[in-house]
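Just so you know, all these numbers are worked out from the coordinates, no wet-lab data involved. In this text the structure is predicted, and so the values were computed from the model without any measurement. When we count neighbours, we look across all protein chains shown, and the Cβ atoms used for this are built from the backbone with ideal geometry, even at glycine.
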Amino acid sequence: MKRVDDFRWRIGGKDLVPIMIGGMGVDISTAELSLVAARLGGIGHISDAMVPTVSDRRFRTNFVREKQKKYKYNVANRDKSDVKFDLDRLAEATKLHVGRTMEARQGEGLIFINCMEKLTMNNPRETLRVRLSAAMDGGIDGITLSAGLHLGSLALVADHPRFRDVKFGIIVSSLRALALFLRKNARLDRLPDYIVVEGPLAGGHLGFGMDWAQYDLKTIVTEIHRFLAQEGLDIPLIPAGGIFTGTDAVEFLEAGAAAVQVATRFTVTRECGLPPKVKQEYFKAREEDLEVNMISPTGYPMRMLKNSPAIGSGIRPNCEAYGYLLDGSGNCAYIDAYNREIDKHPDGVNISVRDKTCLCTHMRNYDCWTCGQYTYRLKDTTRRLPDGTYKLLDAEHVFRDYQYSVDHQIMLPDGLNRS
Ligand SMILES: Cc1cc2nc3c(=O)[nH]c(=O)nc-3n(C[C@H](O)[C@H](O)[C@H](O)COP(=O)(O)O)c2cc1C
């Protein structure tokens, strides 16, 4: 019987343990978590979501306060088109976050950054260019392009000195999206170094509609595999979404995947950025406590716990401090939804917005509890403590469990197996 450790992914001249911990914004996949994966010979991700905010928390910088101060005059204004990011400050924050992470890297593994196109930041092209090039300047090993089709993203950094050295990957949920990406980028003569195929059971935003349940990861992976073979393209495939045990991973590796991307199992590790109380919510969750909804202003469905404080919250849009989801004209679907409610209740008391959420603020405060479908199985991966809480896990423990387990067994923190 095979285990993940029987496989290796050869990339960048290295033979890696084929386990990639997926990017989880905002700072849920922390530098600390990514460093464990790299130390153990796999791949970790940090996220480029709201990096100035993350930098303030991590390094006591003042990027958010500075921006807030500059745009204070606009707080009561419904029009947010004035609220822009200072590109130099954005580059500085990104270089700091990436650079410090890379300095701390040990072991043979790699560290990538997850870069979401939907963070349009009231200037989609230039803010994306700055984030990508600053991450490359900061020494990142690879960039995973996510949350968007990224038809023009690679071209933005094609003249960067590290363009052919940094590994680039794209997350897709359909063959159609991949074919479009390859066609649009053909003239750059630079194929992606890997393709993450994310199925409908993943956490975060989904690349499906509300009919996500009709899709299945294995079918999409097989379809993309066949397409690449027909086209004579040898690009490593990395399935993601619902790979909960080492045995789940082996099934994909045996079918030809180069590695797997996993995330949910790491949300309840000590190194994950979620606050301890929120980790307990993830442990406690039952299947009926999860939902996929449309409250993200990005327009993509998102899976989360139904008791997330973000759902139904009616806080004032906080774009002067954050503003990561403002489109190129300074609009965000939450602003419209919020103003509609204010118009209905001009006293501003007890405002609740149910159809959209202020995702920047709620992700920043860990109040939007996005998660993968198998979050309800997390309680089976640990022991309960005498006070009734669940014991947090070490990321190394979870990584090793993926690497060595067989027969769908899950190793508990005391070293015993549960199958
Ligand atoms: C809490 C959480 C946050 C996530 N945030 C992001 C994100 O910011 N960007 C992204 O591309 N994927 C995000 N994902 C998706 C993961 O990177 C990964 O592809 C997927 O969740 C793997 O499936 P699994 O969670 O069932 O293992 C997130 C997943 C979780 C659980």
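Per-structure values
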{"item": "Burial ordering of TRP369, TRP9, fewest other beta-carbon atoms within 10 Å first", "result": "TRP9, TRP369"}
{"item": "Simple Cβ-charge dipole of the range 252-365, Lys/Arg +1 and Asp/Glu -1, about Cα centre, in debye nearest 20", "result": "360"}
{"item": "Residue-wise HN-Hα coupling along the range 286-298, computed from phi with Karplus coefficients 6.51, -1.76, 1.60 (Hz; x: Gly, Pro)", "result": "9, 4, 6, 8, 9, 8, 10, 9, 10, 6, 6, x, 5"}
{"item": "Additional length obtainable on full extension of the chain from ASP234 to LYS14, 0.36 nm per residue less Cα span", "result": "77.4 nm"}
{"item": "Order of SER133, SER34, SER81, SER296 - criterion: other Cβ atoms within 10 Å of each residue's Cβ, fewest first", "result": "SER81, SER133, SER296, SER34"}
{"item": "Viscosity 1.002 mPa s, temperature 20 °C, Stokes-Einstein D of the range 4-418 from Kirkwood C-alpha radius, µm²/s", "result": "99"}
{"item": "Residue among GLY44, THR361, GLN261 farthest towards the positive dipole end of the chain, charges placed on Cβ", "result": "THR361"}
{"item": "Theoretical ellipticity at 222 nm over the chain - DSSP helices of four or more residues, -39500 (n - 2.57) apiece, nearest 500", "result": "-9500 deg cm²/dmol"}
{"item": "Sparse-neighbour loop sites [trypsin sites (Lys or Arg not before Pro); the range 125-173; at most 11 other C-beta within 10 Å; DSSP]", "result": "ARG164"}
{"item": "For ILE410, residues with placed amide H under 5 Å, excluding near neighbours", "result": "ARG418, SER419"}
{"item": "Rounded Å value of the spacing that divides the Cα centres of the range 370-384 and the range 206-229", "result": "24"}
{"item": "Check: the chain dipole with +1 on Lys, Arg Cβ and -1 on Asp, Glu Cβ, in debye", "result": "720"}
{"item": "Pairwise FRET efficiency - ASP165 versus VAL406, Cβ, R0 = 51 Å, nearest 0.05", "result": "0.85"}
{"item": "Of LYS70/LYS279; LYS69/LYS279; LYS118/LYS167; LYS306/LYS379, pairs whose Cα-Cα distance is over 24 Å", "result": "LYS70/LYS279; LYS69/LYS279"}
{"item": "Charge-dipole axis of the range 67-226 as Lys and Arg at +1 and Asp and Glu at -1 on Cβ define it, positive-most pick from ILE140, ILE195, PHE85", "result": "PHE85"}
{"item": "Exposure proxy order (Cβ contacts within 10 Å, fewest to most) of PHE85, PHE59", "result": "PHE59, PHE85"}
{"item": "Among GLY314, LEU274, TYR390 the positive-end extreme of the charge dipole of the chain (Cβ point charges)", "result": "GLY314"}
{"item": "Antiparallel %, DSSP beta bridges [both residues in the range 4-418], to 5", "result": "30"}
{"item": "Inter-centroid distance (Cα atoms) of the range 230-244 relative to the range 154-203, Å", "result": "12"}
